[in-house]
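Reading through the structure tokens given below for one structure.
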Amino acid sequence: MKSLNSKNLLLLVLLQTPGWSHAYSVDNGNIYDGNGQAVQLRGLNWFGFETADHIAHGLWARNWKDMIAQMKSLGFNAVRLPVCPATLDGVAVNNFNATLNADLSGKNSLQVLDAVIAEFDRLGFYILLDHHRLDCNDGIAELWYSPAYTEQQWIDDLSFMASRYKSVPHFLGIDLKNEPHGAATWGTGNVATDWNRAAEKAAAAVLGAAPDVLVFVEGVQENPICSGTINHWWGGNLEPQDCHPLAIPANRLVLSPHVYGPDVYAQPYFGAADFPANMPAIWNAHFGHFKDKGYTVAIGETGGKYGHGGDPKDKAFQNALVDYLVGKDIRHLFYWAWNPNSGDTGGILQDDWTHVWQDKVDLLSRLWGAATPSPTPVPTSTPAPTPACADGIDNDGDGATDYPADPGCSSAADTDESNPVTTPASQSLPAKLTVSSDWGTGYCTDVAVTNGTSTTVKWKTSFAVQGTINNLWNAAYTQTGSQVDASGLNWNETLQAGATATFGFCADRPAPKAACADGVDNDGDGLSDYPADPGCTSTADTDETNPPAGGLKTTLTVQSDWGAGYCAQVDVRNAGSAPIVWQVSLAIEGTIDNLWNAVYTQSGNLLTASGLDWNKTVPANGTVQFGFCAVR
């Protein structure tokens with residue numbers, strides 16, 4: 001069992017959006033945050049923590065923060081992170097490049113997981129943890145327990161994750177068990193195999209530890225009762241829910257089936273003469289009809305190579321699935337996977353761990369609402385591309401188009417339209433910057449460079465930024481102070497007249513000054529800064545709170561700050577030799593938006609707080625803590 005008092009515990013009270021209330025709920029097919037705003041999960045899976053490496057894969061090839069920023073730049077806003085028990089124990093990690101990921105060097109698996117979750121939270125990703133394997137070295141177990149890993153150990157691990165991350169604002173919830181199948185049943189009355197009974201027990205433990213998160217429950221495979229005979233996927237059969245509905249709070253339950261195509265397994269219905277037109281009825285039976293009944297459905301896994309190798313029918317399958325989901329208004333999905341090293345599906349990333357399969361991203365954008373589904377049947381094969389010399393495009397940029405006008409083409413079937421052309425001159429072009437996300441201490445920006453001249457040029461551009469760029473994609477750059485100089489890469493450096501190149505970056509703003517060096521009277525005693533204020537011991541001190549009467553000292557530590565607001569932790573220390581029933585007053589900036597582990601009143605900038613029944617007394621030489629978020 002994992003202990004919350006472990007030396008590895010990090011207190012992750014992290015970045016919050018102004019006015020944020022950390023609670024999630026579901027109603028009539030929708031997911032809502034604590035402010036009642038509907039949330040759409042535009043998700044992907046990033047695996048590795050569930051393997052013997054005990055760390056997200058790909059860190060042998062790239063920097064981990066760069067990959068997360070790239071995910072955000074592609075439009076993803078949610079991540080499903082598979083884990084296994086040993087990873088939660090804080091073991092050594094394998095197969096990562098310490099030079100590329102120096103900030104993870106020396107961390108154990110749990111500390112790395114903490115860091116990854118914190119970074120996803122910082123960038124606004126909704127985070128779903130998935131109990132994926134019972135043993136990090138083995139495949140997917142049929143049941144949620146084994147001779148070497150008991151049901152109670154499983155529940156303890158789920159409770160541990162819920163308790164550890166419940167204060168992370170974007171921690172959405174837990175997928176209780178990946179892909180029950182084989183011996184797993186639903187509603188048969190056999191306590192050893194009935195997944196519904198185990199899921200109810202586990203959900204109670206998770207919600208007991210973290211009442212405001214969501215519980216994701218997958219289906220089983222085949223089932224002897226209340227289930228059709230059409231082949232199901234592991235975790236894909238929710239049909240028994242009709243006869244034996246889960247006793248889990250309806251406002252916390254998400255049904256999360258897995259559904260795959262021909263690249264993963266050749267199900268008989270993929271060979272039907274009317275494929276893929278036969279698929280909607282099958283999906284509706286397996287899981288889709290629950291959306292009509294008011295349940296919230298989120299696809300936990302789907303994916304495939306989408307024509308980049310594999311079965312040629314897989315692209316038709318994925319197109320048809322997105323059409324079906326759009327038609328059912330099931331818009332929550334976690335694509336498998338970010339990783340290219342998934343043997344049967346490939347990934348969003350290509351094998352170089354850098355470039356993306358843009359057609360997969362475009363497909364998902366249609367599900368997210370960027371386009372509407374095609375009303376025509378999806379073809380089962382992709383037509384051959386038009387040869388370069390017959391496609392009506394000036395492919396080599398020499399001003400002549402197509403056979404016979406372009407001497408680079410010898411016929412309409414020629415695929416080479418590459419005439420030698422004069423290398424265009426390099427020219428500085430203006431940049432248009434559009435901030436795509438901002439979390440106070442940092443932000444991400446899209447940049448567009450348009451060639452407004454009448455000639456083809458090799459572009460470069462210059463612009464000013466706040467802070468320091470930590471990641472930039474689709475361009476080369478240097479930064480000197482606030483000035484950034486950027487230019488194209490070999491594949492996008494040439495711009496024809498009127499054309500636009502796009503790239504993006506994320507940057508960190510400077511950290512705020514320490515309380516004793518910021519020129520502000522933080523504790524409201526009429527004295528500012530070291531050495532004038534006795535509450536400050538040095539310019540690096542973050543505590544400008546003078547000890548009040550009564551033997552108590554309060555220390556306020558800002559955990560996150562996004563300019564318009566901030567979150568803080570307050571330590572109330574009793575330096576005396578006897579217990580004290582505590583009440584403290586301290587000056588703060590702004591207006592309290594949310595406060596936990598205490599009751600409070602606020603008058604102007606003065607916050608007065610006292611303990612709850614369970615923490616109202618500070619023991620001798622002891623400390624109690626409470627926290628709050630405030631809006632400036």
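Is the shape of the range 216-373 rounded, prolate or oblate, going by the alpha carbon gyration tensor and its root eigenvalues a ≥ b ≥ c, with a/c under 1.5 for rounded and a/b larger than b/c for prolate? It is prolate, given that a/c is not under 1.5 and a/b is the larger ratio. Using the Cβ-Cβ distance between Ala281 and Asn492 with R0 set to 60 Å, the FRET efficiency from 1/(1 + (r/R0)^6) comes to roughly 0.85. Extension gain for Leu433 to Asn474 (0.36 nm times residue separation, less C-alpha to C-alpha distance): 13.3 nm. Listed values for the range 277-284 are Karplus-derived 3J(HN,Hα) couplings in whole Hz (6.51 cos²θ - 1.76 cosθ + 1.60, θ = phi - 60°), namely 5, 7, 6, x, 5, 5, 4, 5, and x replaces Gly and Pro. Residue order for Thr456, Thr434, Thr354, fewest other beta carbons within 10 angstrom first, comes to Thr434, Thr354, Thr456. Legend: residue pairs Lys72/Lys458; Lys201/Lys315; Lys177/Lys315; Lys72/Lys201; Lys293/Lys315; Lys107/Lys460, Cα-Cα distance threshold 32 Å; pairs beyond threshold, Lys201/Lys315; Lys72/Lys201; Lys107/Lys460.
When Thr445, Thr150, Thr478, Thr494 are sorted by how many other C-beta atoms sit within 10 angstrom of their C-beta, beginning with the fewest, the order is Thr478, Thr150, Thr494, Thr445. A Förster distance of 25 Å, applied to the separation of the beta-carbon atoms of Lys513 and Asp571, puts the FRET efficiency at 0.75. Adding -39500 (n - 2.57) for every DSSP H run of four residues or longer, then dividing by how many residues the chain holds, sets the calculated 222 nm ellipticity at -4500 deg cm²/dmol.
Using a simple spin-label model with pseudo-atoms 7 Å out from Cα toward Cβ, Lys166 and Asn594 lie 1.4 nm apart. Classify the chain as rounded, prolate or oblate from the Cα gyration tensor: take a ≥ b ≥ c as the square roots of its eigenvalues, call it rounded if a/c is under 1.5, otherwise prolate when a/b beats b/c and oblate if not. Cα axes put the chain in the oblate bin.
Once the Cα-Cα distance is subtracted from the 0.36 nm per residue extended length, the Asp156 to Thr601 segment shows a gain of 156.5 nm.
Given the range 183-332, what percent of its DSSP beta bridges are antiparallel, to the nearest 5? Expressed as a percentage, antiparallel bridges in the range 183-332 total about 10. Listed by Cβ neighbour count within 10 Å, with the fewest neighbours leading, Asp344, Asp329, Asp314 appear as Asp329, Asp344, Asp314.
Inter-part distance, the range 207-232 to the range 432-461, computed on C-alpha centroids, equals 45 Å. If both residues of a DSSP beta bridge must be in the chain, then about 70% of such bridges are antiparallel. Shape class for the range 547-631, computed from the alpha carbon gyration tensor (a ≥ b ≥ c): prolate, with a/c not under 1.5 and a/b above b/c.
Here's how it looks for Gly187: its modeled amide H is under 5 Å from those of Trp195, Asn196, Arg197, which are all 5 or more places away or on a different chain. For Ser437, the residues whose modelled amide H falls within less than 5 Å of its own, excluding neighbours fewer than 5 places apart on the same chain, are Cys444. Under 21 Å of direct C-alpha separation, and excluding same-chain neighbours fewer than eight residues apart, Lys616 reaches these lysines: Lys553.
Values in this text are rule-based calculations from the coordinates and carry no lab data. Note that the structure is predicted; figures quoted are calculated from it, not measured. Note: ideal-geometry Cβ built from the backbone for every residue, glycine included; neighbour counts use all protein chains shown.
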